[in-house]
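Everything below concerns the one structure shown next.
The values are calculated or read from the model by the stated rules, or taken from the named source; none is laboratory data. Small disclaimer: the values here were computed from a predicted structure and weren't measured. Here the Cβ is made from the backbone with ideal geometry for all residues, glycine too, and neighbour counts use every protein chain on show. The accessibility values were calculated without ligands, DNA or RNA, using every heavy atom of the protein model including side chains. Shrake-Rupley method; radii C 1.70, N 1.55, O 1.52, S 1.80 Å.
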Amino acid sequence: MSLLREAERCVANQYTRGLNAFITPLLREGPWLDRVKEADVRKEEGKPKSAVDGRLISIKDNICTRDLPTTCASGILDEYVSPFNATVVDQLEAAGAIVAGKTNMDEFGMGSHSINSHFGPVRNPRQDSSGEDLSAGGSSGGSAASVAGDECYASLGTDTGGSVRLPAAYTGIVGFKPSYGLISRWGVVAYANSLDTVGILGKTTASVRDIFDILNQHDQCDPTSLSIHSRSRIQASLQTPQLASRLTSAPLRIGVPIEYNVSELTSSVRRAWALSLAHLKSQGHTLHSVSLPATKHALSTYYVVGPAEASSNLAKYDGVRYGTRAEGPDGDGKPDGCLFSKTRGEGFGEEVKRRILLGTFTLSADAIDNYFIKAQQLRRLVQQDFDAVFTAKHPLAAQDANKIAGEIDVDVIVCPTAPSSPPRLSDLMSKSIKKSPLDAYVSDVFTVPASLAGLPAISVPVTVSGQNDTELAGIQVIGQYGDDQLVMKVGELLEGRKLD
């Protein structure tokens, strides 16, 4: 199929599939058509700009684009258009890719099911056996649904605590979160700076790798982007014979974390996990139980650190500098006349308000020692747990820091991405079914630890034969910092496998 026919089919799907995956879809007619035609010519001549030349790649709506609005799915940024592109957008366009539109999401990235959007919930292309709509996961649910629903070739999302991997697991595609700092965050609207990572969603690990290779560059505009020197250190650390051989023919040591065998794990996901491990063992790799004791504190740690940083980042949305502004007088001594509180009260959704208040409290003088400081200490323990079990030493650790001695060293860790299958949208949004916000937070229990430690992680789909039908589950592979290529290699070994 030509690139033009593929692109036209994807754009048509954006308007007909009814997934609400896009806040701003691509126009049916526009300059992008000429760019795809030019890419088709380059393809025929054997001179494409890159592996994604002429491909449609959707962009999560918290990544700035000069030609399309960037709303973060929030009323407070309704119709806001950035004056510049994010670095990742410029990199993709330089490689010949076409922005396929801006995808729906949980407001400012806060949610696990993409239902906290000013523009309505995202629907999963998959449905349950009774035809009910399912959650597409969050917060990059629109990005995942756009790929799974054939509305684009691939997509960029953001992953703060699992927001790329969880939607990938729910929609049956591949979702990759690189090591923190490898991909530029310049032009990405911040939720929690120390956690936010641009991630990639695609139907195959190969397509994800192609995009990662384009984006994996130092960006001088981003202070959190790894320097060229640091990248060289990472490459040098992985070139030792023992570590380099893992990407070729050497059998791998696969870690199985005992703390991830939680009570919330459903039988279908548990079976998919067990069969995935058995498949890896049948290929000659060895399985080893590992312990990550700080994991039990990871979820609560994340929900202190994330909201604390968000409360600071979102303070700039005040109705003065940009974005929407509440109608009425700026201030006349009455609560309903206060510009800041009225604008923020009307512009932010309930989940965003909840996290701002939580973060403001944990940063207050009376609470910061008991909450925020302790959460940062626990975060370091989570990272130390990972360092203790990986064969590779953390490549950016201090020169005089010795690797923490562990009983067993492994190359990667394999575990579920989500503890259960995607829930029904009707159950999540029903007013008659009382659900606590904590119910949604539990969805992140397996994805948050890698985010806190800044580690690379990928979710790949596997299919398991059940009693009456096949079931789809997301399996996650986590590696040491900088071991992104190995993580993708192991993900490729499991990707799309039918196990029984």
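Remarks
- Peptides 412-421, 237-246 ordered by packing proxy, namely the average of other Cβ atoms within 10 Å per residue, highest first: 412-421, 237-246.
- Chymotrypsin sites (Phe, Trp or Tyr not before Pro) lying in DSSP loop within the range 272-370, provided at most 10 other Cβ fall within 10 Å: none
- The Cβ shell under 10 Å around residue 470 holds other residues with a net charge of -2, Lys and Arg each +1, Asp and Glu each -1.
- Rounded to 5, the percent of DSSP beta bridges in the chain classed as antiparallel: 65 percent
- Geometric descriptor of the range 85-222, per residue, is 99 Å³ (volume of the convex hull of the Cα atoms).
- C-alpha center-to-center spacing [the range 3-65, the range 291-330] in angstrom: 33 Å
- For the range 188-248 versus the range 460-491, the gap between their alpha-carbon centres in whole angstrom: 20 Å
- When the surface is traced with a 1.4 Å probe over the full set of protein chains, residue 265 keeps roughly 10 Å² accessible.
- Annotation for residue 442 and residue 278: the two label points, set 7 Å from Cα along the Cα-Cβ direction, are 2.7 nm apart.
- Overall form of the range 205-250 per C-alpha gyration tensor (a/c, 1.5; a/b vs b/c): oblate
- Full extension of the chain between residue 47 and residue 316 yields a length gain of 92.3 nm, computed as 0.36 nm times the residue separation minus the alpha carbon distance.
- Per-residue extension of 0.36 nm, minus the Cα-Cα distance of residue 366 and residue 408, leaves a gain of 11.0 nm for this segment.
- The chain: proportion of alpha-carbon pairs further apart than 31 angstrom, %: 42 percent
- Kirkwood Rh and Cα Rg combined as Rg/Rh, the range 248-396: 1.18
- Net dipole in debye of the range 194-243 [+1 Lys, Arg Cβ; -1 Asp, Glu Cβ; about Cα centre; nearest 20]: 200 debye
- Where the Cα pairs of the range 93-155 fall when distances are cut into 10 Å bins, in %: 25, 45, 24, 5, 1
- Each Lys or Arg adds one and each Asp or Glu subtracts one; over the other residues with Cβ under 15 Å from the Cβ of residue 265, this totals -1.
- Charge dipole (Cα centre; +1 on Lys/Arg Cβ, -1 on Asp/Glu Cβ; no other charges) of the range 232-308 amounts to roughly 180 debye.
- Most tightly packed first, judged by the mean number of other beta-carbon atoms within 10 Å of their residues, the peptides 155-166, 470-481 read 155-166, 470-481.
- This model, with +1 at the C-beta of Lys and Arg and -1 at the C-beta of Asp and Glu, gives the chain a dipole about its Cα centre of some 620 debye.
- The range 163-258, Rg to Rh (Cα coordinates; Rh as Kirkwood inverse mean 1/r): 1.00
- Taking the helices alone, the chain has a mean residue ellipticity at 222 nm of -10000 deg cm²/dmol, built from -39,500 (n - 2.57) per DSSP H run of at least 4 residues and averaged over all its residues.
- The range 74-145 versus the range 381-399: alpha-carbon centroid distance in Å: 33 Å
- Under the simplified labelling scheme, the residue 84-residue 16 pair shows an inter-label distance of 4.1 nm, with each label point 7 Å from Cα along Cα→Cβ.
- Gyration tensor (alpha-carbon) shape descriptor, the range 212-327, a/c threshold 1.5: oblate
- Principal axes of the range 1-140: Cα extent on each, largest first, Å: 46, 41, 23
- Pairs with C-alpha atoms separated by more than 31 Å, drawn from the list 37/489; 60/316; 102/393; 203/316, are 37/489; 102/393; 203/316.
- Heavy-atom surface of the range 155-200, accessible at 1.4 Å and reported per residue (Å²): 11 Å²
- Positive contributions from Lys and Arg (+1) and negative ones from Asp and Glu (-1), summed over other residues with Cβ under 12 Å from the Cβ of residue 186, come out at -3.
- In nm, spacing of pseudo-spin labels at residue 286 and residue 220 (7 Å Cα→C-beta vector): 4.8 nm
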